[in-house]
């Protein structure tokens, strides 16, 4: 039957491999990093070298995909706070989301955002906001979900 | 410089309830424009949804920017859709919630909501709210639904319009949303215009009165509003048959049985693979797909004008319904 079609391709890049792994501490948070960009691991390990003490034993998962097809525009950084999500965008092509309840940082970076900028500016911005917001929010389920 | 946006109940004081392809959607927003634009989707009395999700829309005046080409990403339970730097949607599948920051231009863009955002929302969140989007048309006769699937270019829309013009009730010519309750399947349409390629004018001369325009996928097409089909348009029905449309070599019409596993493979291949973080949702979706594959499944082969298939189907469905009533 020719109507049976090929499976839908991974248009959302959900299954993009992230083979490079590292465990680092940034802004006091232990992070288990997975990425497809080795440069990100290098930069995070360099940033991590200056850290002294971890706030917690339980690491946050950081999964970041370098997306070469993302729109390569550069614009202001926008942080959207919508508990339990903290969303950081840079233009159209870079979005990083911290899910405070699930303790996961998931993101896609365009080519215009360097690994150094991610490790030294964008990720610490989200983690600092996490410190500010988490103590004031209900734990467990979100008030805003249906 | 970093710009900050806070989305919380205090910043979204307006709300409205929508019904979208089998789901109930609670909208919270700071914009009267959004509420006005979504008014046509307002929930009707007696509506029984398969599931529900929420949509939080904050309209910002920082940028006056219309719709740009979309870019999509997904990781774990999140899907992100960007339509330019001022228009971003985050679909949280695990929490059945959509967060959006958009410009005033997008807030009032009816076509954007009707043809892009709400269908995308059902495509992304559907499985989480008990609704499976299937790439098929849906028509009905006496309340019994007929799903018509087929490869791109097989003629789903042409046959759908021909069936509608011969008295079948119209739900959809492209995507149909299936839910299950109490063991019974329900098919839902979104009242989207039928899209006909320019060469279909030879079968439907009345199309000469309609412009050919680039559709949302940039393909040149006639877009025929459902109210112009000359038949009843419904938002839901109980599907009974699942047809797989193929073009034949001769001007005739044949119907051959299709095994459930073939039907199931078609449905499974028309939905996106879900990540391991959404296993429970994938299992719910699989149960609905199994039910779809147990409809009465047939391969419909025809060539020539769609009237040939319409006559063949009318004859076939007449026999099928007679057998059931006998």
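The table for this structure:
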| read-out | value |
| --- | --- |
| Lone unmet requirement of (1) within 14 Å of chain A (Cβ to nearest Cβ); (2) crowded, with 19+ Cβ neighbours inside 10 Å; (3) in contact with a helix residue (DSSP H, G or I) (Cβ under 6 Å, 6 or more places away or on another chain) for residue B:194 | (1) |
| Unmet requirement for residue A:102, which otherwise passes all of (1) within 11 Å of another protein chain (Cβ to nearest Cβ); (2) within 13 Å of the chain's Cα centre (by Cα); (3) not in a loop (DSSP other than H, G, I, E, B) | (3) |
| Test for residue A:40: is it at pLDDT 90 or above and either farther than 27 Å from residue B:4 by Cβ or touching a helix residue (DSSP H, G or I) at 6+ places or on another chain (Cβ under 8 Å) (or both) | yes |
| Yes/no for residue B:94 being free of Cβ contacts under 8 Å to residues at least 60 places away in the same chain, under 27 Å from residue A:63 (Cβ atoms) and not in a strand (DSSP E or B) | no |
| Positions within region A:57-73 being in a loop (DSSP other than H, G, I, E, B) and crowded, with 16+ Cβ neighbours inside 10 Å, in sequence order | A:59, A:67, A:70, A:71 |
| Sole residue being facing another protein chain (nearest Cβ under 10 Å), modelled with pLDDT under 95 and in contact with a helix residue (DSSP H, G or I) (Cβ under 9 Å, 6 or more places away or on another chain), chosen from B:243, B:274, B:224, B:220 | B:274 |
| Number of the condition not met by residue B:272 [criteria: (1) in a helix (DSSP H, G or I); (2) surrounded by 14 or more Cβ atoms within 10 Å (Cβ to Cβ)] | (1) |
| Residue match in region B:178-185 (condition: assigned to a loop (DSSP other than H, G, I, E, B) and buried (at least 22 other Cβ atoms within 10 Å of the Cβ)) | no |
| Residues that are in the same structural domain as residue B:230 (by TED's automatic domain parsing) and closer than 19 Å to residue B:69 by Cβ, drawn from region B:103-146 | none |
| Residues of region A:18-40 satisfying the condition of being assigned to a loop (DSSP other than H, G, I, E, B) and under 14 Å from the mean Cα position of the chain (by Cα) | A:18, A:36, A:37 |
| Counted residues, region B:284-326 - those being in a helix (DSSP H, G or I) and more than 21 Å from the chain's Cα centre (by Cα) | 20 |
| Hits in region B:101-122 (condition: outside any helix (DSSP H, G or I) and either more than 21 Å from residue A:94 (Cα to Cα) or under 21 Å from the mean Cα position of the chain (by Cα) (or both)) | B:108, B:109 |
| Odd one out for residue B:282, checked against (1) closer than 30 Å to residue B:94 by Cβ; (2) surrounded by 18 or more Cβ atoms within 10 Å (Cβ to Cβ) | (2) |
| Criterion: at pLDDT 95 or above and either more than 9 Å from chain A (Cβ to nearest Cβ) or in contact with a helix residue (DSSP H, G or I) (Cβ under 7 Å, 6 or more places away or on another chain) (or both) - qualifying residue of B:48, B:35, B:67, B:44 | B:35 |
| All positions within region B:137-167 that are within 12 Å of chain A (Cβ to nearest Cβ) and under 17 Å from residue B:229 (Cα atoms) | B:155, B:156 |
| Cβ pairs under 7 Å, 6+ apart, first in region A:104-119 and under 9 Å from residue A:66 (Cα atoms), second part of a helix (DSSP H, G or I) | A:109/A:118 |
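The values are calculated or read from the model by the stated rules, or taken from the named source; none is laboratory data. Computed from a prediction, not measured in an experiment: that's the story for all the values here. Positions of Cβ are generated from backbone atoms using ideal geometry, with glycine treated the same way; all protein chains shown enter the neighbour counts.
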